[in-house]
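Worksheet: one structure, shown below.
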Amino acid sequence: MATPTLEKTDEAPADAGHLVTVTFRIRRFNPEEAPDAFWEDFELRIDPKERVLDALHQIKWEQDGTLTFRRSCAHGICGSDAMRINGKNRLACKTLIKDITDIKDGVAAKPVTVEAIKGLTVLKDLVVDMDPFFQAYRDVMPFLITSGNEPTRERLQSSADRERFDDTTKCILCAACTSSCPVFWNDGQYFGPAAIVNAHRFIFDSRDEGGEQRLEILNDRDGVWRCRTTFNCTDACPRGIEVTKAIQEVKRALITRRF
Amino acid sequence: MSTEVFKVEDGTDYAAHPAPVIEPPRARTARTPKATRTNFELYGWLFMRVSGVLLVVLVLGHLLIQLVLEGGVSKVSFAFVAGRWASPFWQAWDLIMLWLAMLHGANGLRTIINDYAERDTTRFWLKMLLYTATVFTVLLGTLVIFTFDPNIR
């Protein structure tokens, strides 16, 4: 391969009894080399208690240095490594191999498929263009909007008021929800679950005064009314946010505001 | 739009490469039209729920009367329809059912067109066809209900 990988040593690791053989079937795409994406299989000897991200590292470092994917913190906080693993959107750094494979006699029964998240342009291998996703995020104004003078101390809030939007503060903007949404797949103009979740976080914040503007934005053609409540987003969220519920709460706020 | 996407940090212009990158339809960009500030989608969403509930009663009642009660489907004839439409109650029932079902169905199809048609011109013409068919059917049905002549020969 063009890019270097670690030099191979012939001696086998001393204690390798815990390792199993797993095939990773990865969707590869490199626009500089070929116009078409294709599936490539990599066979690994790996500890089943490792994560899919570790397997990707092992492939990149030991087998094929050209494998391209995003990851930063590798601990489920930065939201860089959302990908479609065995047909479901997950974070590679939070998915254990033993949880997604059926291991018999030290060999995984089926290959683990890994591909880029859907609905966004694939740039290379597992890397997608996140610009449309972050554009939708920006469009809902995800920042505190207030009027009047700034208080000299912090803006106080009761625990109950804080609890109201607690669930939606957990979002890490990994795009697992938005790229699991069938409406978003077909029409990228839809704001998508992640943007609505982040609007929800401020709409229901008692300290914020921009809720009206955000509701107006989400009341539009490409806003919450395009949601079909398929619950794909709730299933996909690696942070366990009840995404569909948040979207429904925005819908309810729009209706109660009107009637 | 397509060229800016491929200019990554190192300045490489991937647009110069022959491989076409498959772009998803209708990506959101800074140029995406801003909010129109109408409540049309809200009313559309509410209408689907309210009309859906009413249609369950109207349509199931209609089917029950036409197909099951008092002799089944074989009794439905010109005379049967003429007898029913002599009563303003059944005229109103059929009229409301016609309007709700047509508008409910048309709005559902509008949603599906919005979800699936990618190009703006395709969307526009599919919706025009839909609206024309809806208006025609609703007006024709309304006309028949109000001008029905039982003595026609």
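The values are calculated or read from the model by the stated rules, or taken from the named source; none is laboratory data. All figures in this text were calculated on a predicted structure; none of them were measured in a lab. Positions of Cβ are backbone-derived with ideal geometry, glycine not excepted, and every protein chain shown enters the neighbour counts. The accessibility values were calculated without ligands, DNA or RNA, using every heavy atom of the protein model including side chains. Shrake-Rupley method; radii C 1.70, N 1.55, O 1.52, S 1.80 Å.
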Q. If you go through the range A:97-114 one residue at a time, do you hit one that is free of Cβ contacts under 8 Å to residues at least 60 places away in the same chain, among the aliphatic types (A, V, I, L, M) and assigned by TED's automatic domain parsing to the domain that holds residue A:240?
A. no
Across (1) open to solvent by 40 Å² or more (accessible area, probe 1.4 Å); (2) in a helix (DSSP H, G or I), residue A:144 clears everything bar (2)
Within the range A:190-201, is there a residue that is in contact (Cβ under 8 Å) with a residue 24 or more places away in the chain, more than 29 Å from residue A:126 (Cα to Cα) and either in a loop (DSSP other than H, G, I, E, B) or open to solvent by 30 Å² or more (accessible area, probe 1.4 Å) (or both)?
yes
The residue that is surrounded by the most Cβ atoms within 10 Å (Cβ to Cβ), considering only those in the range A:23-79 that are under 23 Å from the mean Cα position of the chain (by Cα) and within 14 Å of another protein chain (Cβ to nearest Cβ), is A:29
Can you confirm whether the range A:152-168 contains a residue that is away from chain B (no Cβ under 14 Å), surrounded by 20 or more Cβ atoms within 10 Å (Cβ to Cβ), within 14 Å of the chain's Cα centre (by Cα) and not hydrophobic (A, V, I, L, M, F, W, C)? no
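Could you tell me whether residue A:14 is more than 14 Å from chain B (Cβ to nearest Cβ) and modelled with pLDDT under 85?
yes
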If we ask which residues in the range A:169-179 are in a helix (DSSP H, G or I), in contact with a helix residue (DSSP H, G or I) (Cβ under 8 Å, 6 or more places away or on another chain) and open to solvent by 10 Å² or more (accessible area, probe 1.4 Å), their number turns out to be 1
For residue A:176, the lone unmet condition from (1) under 20 Å from residue A:218 (Cβ atoms); (2) in contact with a Cys (Cβ under 7 Å, 6 or more places away or on another chain) is (1)
Taking the range A:228-252 and keeping residues modelled with pLDDT of 95 or more and either among the basic types (Lys, Arg) or open to solvent by less than 20 Å² (accessible area, probe 1.4 Å) (or both) leaves A:233, A:236, A:239, A:241, A:243, A:244, A:245, A:246, A:247, A:250, A:251, A:252
The one condition residue A:174 fails out of (1) under 28 Å from residue B:116 (Cα atoms); (2) modelled with pLDDT under 95 is (2)
Note to self: Scan the range A:109-117 and tell me whether some residue there is within 13 Å of the chain's Cα centre (by Cα), open to solvent by less than 60 Å² (accessible area, probe 1.4 Å), among the polar types (S, T, N, Q) and at pLDDT 95 or above.
What the structure shows: no
Those residues of the range A:202-229 which are assigned to a helix (DSSP H, G or I) and either of a type in the set (Phe, Trp, Tyr) or in contact with a strand residue (DSSP E or B) (Cβ under 9 Å, 6 or more places away or on another chain) (or both) amount to A:202, A:225
Listed by range, helices (runs of 4 or more DSSP H) wholly within the range B:42-153 having at least 3 residues that are of a type in the set (Ser, Thr, Tyr) and more than 14 Å from the chain's Cα centre (by Cα) are B:120-147
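Which residues, taken from the range A:124-148, are under 12 Å from residue A:70 (Cβ atoms) and within 7 Å of another protein chain (Cβ to nearest Cβ)?
Within the range A:124-148, just A:129 meets the criteria.
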For the range A:180-189 the number of residues that are under 18 Å from the mean Cα position of the chain (by Cα) and either outside any helix (DSSP H, G or I) or closer than 30 Å to residue A:149 by Cα (or both) is 2
